[in-house]
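First comes the structure, then the notes that go with it.
What follows is calculated from the coordinates using simple rules that are stated; it is not laboratory data. Everything numeric here is computed off the predicted structure, so don't read it as measured data. We place every Cβ from the backbone using ideal geometry, glycine too, and count neighbours over all the protein chains shown.
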Ligand code: SAM
Ligand code: SF4
């Protein structure tokens, strides 16, 4: 069967982390430049980009069920098939296997090569199946179109890749070594996002706080230097960053939390486990104590900081007592919100072949207990916010007439009713807390 010759509509479906969401947006911009428009909600697209995640097995397997569904639902011209591109980390790690296992896939494109999508598309419409999983030295960012429009919140990838090689993780293999984008490019992209409507920018990186660069005066700066520069953009109201590694939490970045009003009081600092033997086996290169010390320092300069983290339960060899240490750490920190996962062996990583892989039932039980503790703390954090007044950045309409949804400075989902528009920063009083959201009373619409 030949793929449809003249794709008019596209859909980009991103899985996994926020960096994939950013890449997905950039691919959409590239396709729009080719005159292809987004497929309306609920309608089939001529070209589907599956922007995949390889971090856990479940996430990687999803791609095959999605391909099957797209082919089954296809209702294009007689004898044609849809154009399907597999992008993201599964494409990088399993490109050849995808081409062999899924004949409907016409393009496989890795996370460092997606700027070549328009050329690949030309080849694909002429009937070829094309793969590009190179990690070229020249940066894809220079080849991407300039950013134009933005919603009130925008992602900005500042750093890619990872040199840390935690023993369970595929990222160093799928995303390559740590690379920081140049300071000047980031300032320019941020200004464009703000001109296009963004009021909040979240700086992204697999290890975002490993970012380094040179400012306009030629001085070496870390992420805190970049944040200070971006805070000077007048219409940018809020700055966030994610995901950080404890080893790259510099004194300057910690101090920035106490000094830069636009830097929101939220820190996502994954710890993974609460036991030093497990952390060592994970090759995390921080200890429980050094992690807690960082949190203490951040709390000292920004007492209201909302803390977040990632946890893995059931790492090979984790004993019941070591898992209890993780629960103890959770209890000690009092997180505002967290992600927690069952350990998933990833082919090619050292942990996948370690002895003492943990039984699925044990992991299930540990995850349930951990999530119960994290949910308890999330609700407690939300309840402790009731009565506070704060600004909410309005992101979209709610389900009910006159209702609006947005985020508090502490990244809580807030809903309220009243006069507002998307992109407004409004002042509210937080009134009633649930586990996942807070209802608020509108006090005033802040100057837009
Ligand atoms: N660089 C960040 C750090 O070191 O904390 C994390 C980035 S990673 C893409 C996101 C999260 O996925 C990790 O923090 C970890 O909790 C989880 N993760 C990574 N590999 C995993 C695996 N093999 N099984 C389960 N969870 C995993
Ligand atoms: Fe993966 Fe560890 Fe790198 Fe984070 S620091 S991306 S968990 S290897």
With labels modelled as points extended 7 Å from the Cα through the Cβ direction, what inter-label distance (nm, one decimal) is found for residue 217 paired with residue 134?
-> 4.0 nm
Heads up, the stretch 1-85 by the C-alpha gyration tensor (a ≥ b ≥ c square roots of eigenvalues; a/c under 1.5 rounded, else a/b over b/c prolate, else oblate) looks oblate
If you stretched the chain out fully between residue 436 and residue 283, how much longer would it get, using 0.36 nm times the residue separation minus the C-alpha to C-alpha distance?
-> 51.8 nm
Ranked by GNM mean-square fluctuation in the chain (Cα springs under 10 Å), the top entry among 141, 381, 15 is 141
Between residue 247 and residue 9, what FRET efficiency comes out of the Förster formula 1/(1 + (r/R0)^6) with R0 = 35 Å and r the beta carbon distance, rounded to 0.05?
-> 0.20
For the stretch 83-142: rounded, prolate or oblate by the Cα gyration tensor [a/c cutoff 1.5] | oblate
Gaussian network model of the chain, springs between alpha carbon atoms under 10 Å - residue of 350, 409, 136 with greatest fluctuation = 136
Debye-sum result for the chain in log10 I(q)/I(0), which assumes one identical scatterer on each alpha carbon, at q = 0.06 Å⁻¹ = -0.27
Hey, what's the Cα Rg ratio for the stretch 113-223 versus the globular rule of thumb, 2.2 N^0.38 Å?
-> 1.24
Of 210, 372, 198, which has the largest mean-square fluctuation in a 10 Å C-alpha GNM of the chain?
-> 372
Once you have a ≥ b ≥ c as the square roots of the Cα gyration tensor eigenvalues for the stretch 1-159, tell me rounded if a/c is under 1.5, and otherwise prolate or oblate according to whether a/b is larger than b/c.
-> rounded
Let me have the 222 nm mean residue ellipticity of the chain computed from DSSP H runs of 4+ only, each contributing -39500 (n - 2.57), with the sum over all residues rounded to the nearest 500.
-> -10500 deg cm²/dmol
